[in-house]
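Each remark here refers to the structure printed beneath this line.
The values are calculated or read from the model by the stated rules, or taken from the named source; none is laboratory data. Not measured: the values here are computed from a predicted model. Backbone-built Cβ (ideal geometry, glycine too); neighbour counts: all protein chains shown. Just the protein is used for accessible areas: all its heavy atoms, side chains included, with ligands, DNA and RNA removed. Shrake-Rupley method; radii C 1.70, N 1.55, O 1.52, S 1.80 Å.
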Amino acid sequence: MKTVALFLLLSPLMFAPQEPDPFLLEKLLPDSTLLYLNIPNSAAVTEGYEKSNLHKLIHHPEVQYFLQPLLDYFEKHRKEAGQGRSWNDEVREAVGLTLDEMFDLAQGPMSFALIDLPVNHEHKLDLVFSLGNPDPKKLRDAAAGVKEAIKKQSGGPIESESTFKGIAISAFVSREVTLYWALLDRTFVLTTTEERIQSLIAAHVDKKEGGLEKSAGYAKAKARVSKENRHFFLFYADVA
């Protein structure tokens, strides 16, 4: 009986969705990264925000008196059809996701990095974007929705699937853009070059030491402005 009671007590913890790593990308990026933006959306940040002066300011009655009409206007047009369609309908047609779905996904940790620019024929646009969510299915469904929207607008792009170190890579090639993405645990990672998605997967699978977080410049800059990873957003630029 005690064993059953103990299992019932622990089962919510055992089956609770695991949170994605809000700092995954900086562990995988090369130390040559030019720009890096991190929005962790972690529990520690939320707790700190609720105690901050910014939170108090936004929820002050006089500020709310100004904001509430704008929020009510947005809420009405988000759900209700105006001229036959709601804002959710229009955004879904354009990008494959509704505003509600985008807002839900935006609650997870996000990161963006610029590693190289096409300054000559030897360079390519090298961008990386990551988005974490406790439910990997939400990330896969969102990627599928965006992909279908791009297909409709670009007229039959080329799609392909491959595997690298046991992780599936989806490629999407059209006249305007080439994208590669993969799911690393609970984080969706998108890149503009195949070499980059493979290098990120290799760093993740092989648990390589180093990366951006170990570089002297980044570590020093982060320690100065974000002790214990407590930041709402962090922007880093390698000005050297």
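Values for this structure:
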{"item": "Pair list, Cβ < 6 Å and 6+ apart or interchain, from the range 212-240 residues that are under 13 Å from Leu35 (Cα atoms) to residues that are open to solvent by 80 Å² or more (accessible area, probe 1.4 Å) and modelled with pLDDT under 90", "result": "none"}
{"item": "Output for the range 171-221, where each listed residue is more than 21 Å from the chain's Cα centre (by Cα), assigned to a loop (DSSP other than H, G, I, E, B) and at pLDDT below 85", "result": "Ser174, Arg175, Glu176, Lys208, Glu209, Gly210"}
{"item": "Helices (runs of 4 or more DSSP H) contained in the range 42-103 and holding at least 1 residues modelled with pLDDT of 70 or more and of a type outside the set (Gly, Ala, Ser)", "result": "53-58, 61-79, 87-95"}
{"item": "Residue match in the range 31-39 (condition: in a helix (DSSP H, G or I) and either at pLDDT below 75 or closer than 30 Å to Ser111 by Cβ (or both))", "result": "no"}
{"item": "Filter result (modelled with pLDDT under 85 and in contact with a helix residue (DSSP H, G or I) (Cβ under 8 Å, 6 or more places away or on another chain)) within the range 222-237", "result": "Glu228, Asn229, Arg230, His231, Phe232"}
{"item": "Filtered residues of the range 212-228 (kept if open to solvent by 40 Å² or more (accessible area, probe 1.4 Å) and either over 18 Å from Leu114 (Cα atoms) or not small (Gly, Ala, Ser) (or both))", "result": "Glu213, Lys214, Ala216, Lys220, Ala223, Arg224, Val225, Lys227, Glu228"}
{"item": "Cross-chain or 6+ apart pairs with Cβ under 8 Å, the range 141-168 first and over 24 Å from Thr187 (Cα atoms) and in a helix (DSSP H, G or I), then at pLDDT below 80 and among the small types (Gly, Ala, Ser)", "result": "Ser154/Ser174"}
